[in-house]
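The values are calculated or read from the model by the stated rules, or taken from the named source; none is laboratory data. Source: prediction; values computed, not measured. Counting neighbours? That spans all protein chains shown, and the Cβs are built from the backbone with ideal geometry, glycine included. Surface areas here come from the heavy atoms of the whole protein model, side chains and all, with no ligands, DNA or RNA. Shrake-Rupley method; radii C 1.70, N 1.55, O 1.52, S 1.80 Å.
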Amino acid sequence: MGIWSTIKNLFRKGGAKLGMVKSLVKITDDERIEMPASEYKRIDRDFRYYRNDFDPVYRTIQGKKHKHKIHALNMTKTCARRIASIVFNEKCKISFNDDKLNSFIDDVLNKNDFYNQFETNLEKGVAAGGFAMRPYVDNDEIKISWIRANQFYPLRSNTNDIAECAIASKTIRVENDQMIYYTLLEFHQWDNDTYHITNELYRSDNVNEVGVQVPLNTIYDNLEEQVVINGLTAPLFAYFHTPGANNINLESPLGVGIVDNAKSVLDDINLINDMYYEEIKLGKRRIIVPAQMLRYDEQHRPYFDTEDATYEGFDIDDPSSMKITDNTVDIRTEQFNDAMDTAIKKLEIQLGLSTGTFSKADGGIQTATQVVSNNSMTYQTRSSYLTMVEKAIKQLMIAIIQLAETPEFFSDGKARIDFDLSKDLDIDVYFDDGVFVNKDQQLDEDLKVFMAKAMPVQEFLKRNYGLSDDEVKQWMAEMPQNNPKPSEDEMNFGDA
């Protein structure tokens, strides 16, 4: 960084103090952002639990304060990972009622490793209450940016949908042997039917402050200050909201994470785990021996190694009473296990998971059929999550299509697809229910219903093979000649 750049930054700091240059301490200080700072303090706390990052506590022992690092059990990460894995996996399939659109979207999703990335970001979204996705064009290819809950700031919204937002991304650089923090704010706003994307860059030498506004070309070469787009019908981002109301801030459109309503139980689990760790430390084997036995003996008489913490020396006056005493304290393993199991069962109830998901299952080892039937609570919770996941995925698909239809985003000035979103767009999101549904039993039962002419062949193929309407038609067209196709009546039997 040159001298001239340093002088300009000093002028900007002075201008910020005089109100001539825009500066922000927190992102929520921007007047366009209507969210209270408390929502993001809550989200930051959620992520601390997710990282298993807790401040040390101080305990008073014999009149002196001692720092103690809590041995926490990271149930936040475990629960978020479990919920994300049962809600979404790579077997999910997204399809459309248009073959060209199918091919284009499949290519975009595969290049972005969408299915694996979605499950990973869903896990973080479950922990913190939500996350966002934003498609963008890079080297004439559509990429997907994943936005954490603490990077997403609604501007104009209701409790159902978010129409405008600000997206924050941070960059750290070393300038003149000092850490400098840059924050890029990307505002997505509507002006009637015109869509505006505005970029603002802020610089700070304090990690806890956003800083003063600086030109975009300070660190970005080809980023425009504003992009205006006409003809859009939906925003160029999608937000996933965890199911259920935000009971922390009733007016907030942001979701709540698993920590927000289960914090006390998670704290109980950490306390029990920490106490058990201390119990193990206190319960280590201790053997009391006369102190004389711990001293080196030139005549090579038997003595105990002074480096071995198992042995504790004890001074005695009467050598005749010298004896070795095992003073080990029993560890209350059963009591701690029962306490932990009770706390984890409370956590399962808080999160809407079936008993036995993490706790000891009642009744011992269960068969696969029993697991399916006993997972009813988890299945209901999963269904609620799937509703929100499907909504977010459909919003993302529309955003990708709108982006691909806009020629200004591509170097050759040509749109990548030509699709009229004003006509009916059928987006089908298929989720695999293998954890909860016995596939063999479903296939057998559906086959009986089909043979009884109570289910059309299209529905049979879609239910058991996850095919879209177009894929069903393709299967039907490619049937071998020696295996005659069902008649029109058979195919449509049972249709409403």
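Where helices (runs of 4 or more DSSP H) sit wholly within region 311-423, those with at least 2 residues that are modelled with pLDDT of 75 or more and buried (at least 18 other Cβ atoms within 10 Å of the Cβ) occupy 333-351, 376-405.
The set of residues in region 97-109 that are within 27 Å of the chain's Cα centre (by Cα), under 18 Å from Glu390 (Cα atoms) and either hydroxyl-bearing (Ser, Thr, Tyr) or open to solvent by 50 Å² or more (accessible area, probe 1.4 Å) (or both) contains only Asp106.
The set of residues from region 163-183 being assigned to a strand (DSSP E or B) and either open to solvent by 20 Å² or more (accessible area, probe 1.4 Å) or not hydrophobic (A, V, I, L, M, F, W, C) (or both) comprises Ser169, Lys170, Thr171, Ile172, Arg173, Val174, Glu175, Gln178, Met179, Tyr181, Tyr182, Thr183.
Whether any residue in region 128-144 is open to solvent by less than 60 Å² (accessible area, probe 1.4 Å), out of contact with any helix residue (DSSP H, G or I) (no Cβ under 9 Å at 6 or more places or on another chain) and either in a strand (DSSP E or B) or at pLDDT below 95 (or both) is what I want to check. Among the residues of region 128-144, not one is open to solvent by less than 60 Å² (accessible area, probe 1.4 Å), out of contact with any helix residue (DSSP H, G or I) (no Cβ under 9 Å at 6 or more places or on another chain) and either in a strand (DSSP E or B) or at pLDDT below 95 (or both), which makes the answer no. Taking the numbered list (1) open to solvent by less than 20 Å² (accessible area, probe 1.4 Å); (2) farther than 23 Å from Ser38 by Cα in turn, Val228 passes all entries but (1). Here is the figure for region 242-269: residues that are open to solvent by 30 Å² or more (accessible area, probe 1.4 Å) and either touching a residue at least 60 places away in the same chain (Cβ under 8 Å) or of a type in the set (A, V, I, L, M, F, W, C) (or both) total 10. Test Glu279 against the criterion of being within 28 Å of Phe54 (Cα to Cα), at pLDDT below 90, of a type in the set (Asp, Glu) and open to solvent by 20 Å² or more (accessible area, probe 1.4 Å), and give yes or no. Considered against the rule, which asks whether it is within 28 Å of Phe54 (Cα to Cα), at pLDDT below 90, of a type in the set (Asp, Glu) and open to solvent by 20 Å² or more (accessible area, probe 1.4 Å), Glu279 comes out as yes. Across region 176-184, not a single residue is classified as at pLDDT 95 or above and closer than 22 Å to Ile401 by Cβ.
Out of Phe187, Phe114, one residue alone is touching a strand residue (DSSP E or B) at 6+ places or on another chain (Cβ under 8 Å) and buried (at least 20 other Cβ atoms within 10 Å of the Cβ). It is Phe114.
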